[in-house]
Amino acid sequence: MTTQARQPMVEHLDRLYCQHILNSMWAEAVGYRLEGLPLMILQDDLKQIAQSHRATAVILAERITDLGSAPTADPRLIVARSAGGDFALPEDCSSARQILDQAVAAVTGTVAAYRAALDAVTGDPVTAHVLVKLLGTQERNLADAAAANA
């Protein structure tokens, strides 16, 4: 596969990488701002979520490197390059509903970005396998977040 043929795939992988970096930052930032009942019920989960997103970002960065490129490293570009293109914290970190609504929206967008990335993968079964595996994890995360928000 030529470098030019890999470029669209690398772009999708990098957008996902940036999104997982942001999701990790979001989970940590919200965790540090929790108040009231969410402090007791969400703090440990948010720490685990942040770690999971960092681990996923590493997997994506390694695949990007395997394809002969490098993930975005400039912090000023992470938001713009992310799959969602935005970063915001809940206005009220004492509201589990606000926190979970934002989490569900973020994971829904991430799942959509994985599906778009899978559509762009042609002729690369390794990248397709990585994306399918990570998409499955994101779909489980979405189901968990939606159930917690019900």
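Coordinate-derived values only; no laboratory data. From a predicted model like this one, the values you see are computed outputs, not experimental measurements. Using ideal geometry, Cβ is built from the backbone for each residue, glycine included, and neighbour counts are taken over all protein chains shown.
At-a-glance table
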read-out: Radius 14 Å from Cβ of Leu34, net charge of other residues (Lys, Arg +1; Asp, Glu -1); value: -3
read-out: Whole-Hz ³J(HN,Hα) from phi, Karplus 6.51 cos²θ - 1.76 cosθ + 1.60, for segment 134-140, glycine and proline x; value: 5, 4, x, 4, 5, 5, 5
read-out: Cα-projected label distance for Ala148 with Val79, points at 7 Å along beta-carbon direction, nm; value: 2.4
read-out: Extended-chain gain in nm, criterion 0.36 nm per residue less alpha-carbon gap, Ala105 and Thr65; value: 11.5 nm
read-out: Separation in nanometres of the label points that stand 7 Å from Cα toward Cβ, at Lys133 and Leu118; value: 1.6
read-out: Stokes-Einstein D (µm²/s) once Rh is taken as the Kirkwood radius of the chain over alpha-carbon pairs, at 10 °C in 1.306 mPa s; value: 101
read-out: Crossing angle, helix 3-33 versus the chain [Cα axis fit, 0-90 degrees, rounded to tens]; value: 10
read-out: GNM flexibility winner over the chain from Tyr114, Tyr17, Tyr32 (Cα, springs under 10 Å); value: Tyr32
read-out: Using alpha-carbon coordinates, inclination of helix 36-66 to the longest axis of the chain, degrees; value: 10
read-out: Cut-off 15 Å between beta-carbons: net charge of the residues surrounding Ala80, Lys and Arg +1, Asp and Glu -1; value: -1
read-out: Relative packing of 118-126, 80-88, 6-14, which averages over residues the other C-beta atoms within 10 Å, highest first; value: 6-14, 80-88, 118-126
read-out: Mean residue ellipticity (222 nm) of the chain, computed from DSSP H runs ≥ 4 via -39,500 (n - 2.57), nearest 500; value: -28000 deg cm²/dmol
